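The values are calculated or read from the model by the stated rules, or taken from the named source; none is laboratory data. Only a predicted model underlies this, so the values are computations on that prediction, with no experimental measurement involved. Positions of Cβ are generated from backbone atoms using ideal geometry, with glycine treated the same way; all protein chains shown enter the neighbour counts.
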Amino acid sequence: MEEKNQDRPELKWLDTTTKLLDNQFRIPGTEIRFGFDFIIGLVPGVGDVVSLGISGMLVSVMARKGASGMVIVKMLWNILLDGVIGSIPILGDIFDLSYRANRRNLTLLKEHYEEGEHQGSATFVVIVVLLFVIGIIIAAIYLIGWILGTFWALITGTT
């Protein structure tokens, strides 16, 4: 697979960047590898946001290099999962050691380029996600209205 990376400079660059983020270092005496993504994620609060931003930037580069909509959705799922679970103290750090979202995303892109996998549009997935988000927003607006109405009734003594 390394030989094919030489034919595609974008894959070589992404491979190098992903190695730095996910696999650069090894814990001595073990097979456990980690990278700067894990180290950045150890900084409470800010680290996970920075890590998520870097992963998002890599997905953006991959999208500009011609990844299909389906690949992009799968990549975004990987970084969302990594970001959400990674933000949980201690458990998230352990998860980050094994999940390696950037490496998974590079594998998806290689499969897309080299084997023709993950083709197709993600329109259906995007529509479902948008409808879900709109539903959450509507529910949040309703809940806020209910809370404010209840609070107002308590203040004014009306029921």
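Residue count for the range 47-92, restricted to those that are among the hydroxyl-bearing types (Ser, Thr, Tyr) and not in a helix (DSSP H, G or I): 2.
Against the test of being in contact with an Asp or Glu (Cβ under 8 Å, 6 or more places away or on another chain), in contact (Cβ under 8 Å) with a residue 60 or more places away in the chain and not small (Gly, Ala, Ser), the options ASP82, ASP37 yield a single qualifying residue, ASP37.
Mind listing whichever residues of the range 63-96 are closer than 19 Å to LEU21 by Cβ and among the aliphatic types (A, V, I, L, M)? Scanning the range 63-96 gives ALA63, ALA67, VAL71, ILE72, MET75, LEU76, ILE79, LEU80, LEU81, VAL84, ILE85, ILE94.
So that you can scan it fast, the table gives a plain yes or no per residue for (1) over 26 Å from PHE38 (Cβ atoms); (2) at pLDDT below 85; (3) surrounded by 14 or more Cβ atoms within 10 Å (Cβ to Cβ); (4) among the polar types (S, T, N, Q):
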| position | (1), (2), (3), (4) |
| --- | --- |
| VAL59 | no, yes, yes, no |
| GLU114 | yes, yes, yes, no |
| TYR142 | yes, no, no, no |
| LEU148 | yes, no, no, no |
| ILE155 | yes, no, no, no |
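Within the range 20-35, being out of contact with any strand residue (DSSP E or B) (no Cβ under 6 Å at 6 or more places or on another chain), hydrophobic (A, V, I, L, M, F, W, C) and surrounded by 15 or more Cβ atoms within 10 Å (Cβ to Cβ) holds for one residue alone: LEU21.
If the condition is being touching a residue at least 12 places away in the same chain (Cβ under 8 Å), aliphatic (A, V, I, L, M) and surrounded by fewer than 15 Cβ atoms within 10 Å (Cβ to Cβ), then the range 40-57 contributes only LEU42. Which members of the range 69-112 meet the condition of being more than 15 Å from the chain's Cα centre (by Cα) and buried (at least 19 other Cβ atoms within 10 Å of the Cβ)? Result: HIS112, single match.
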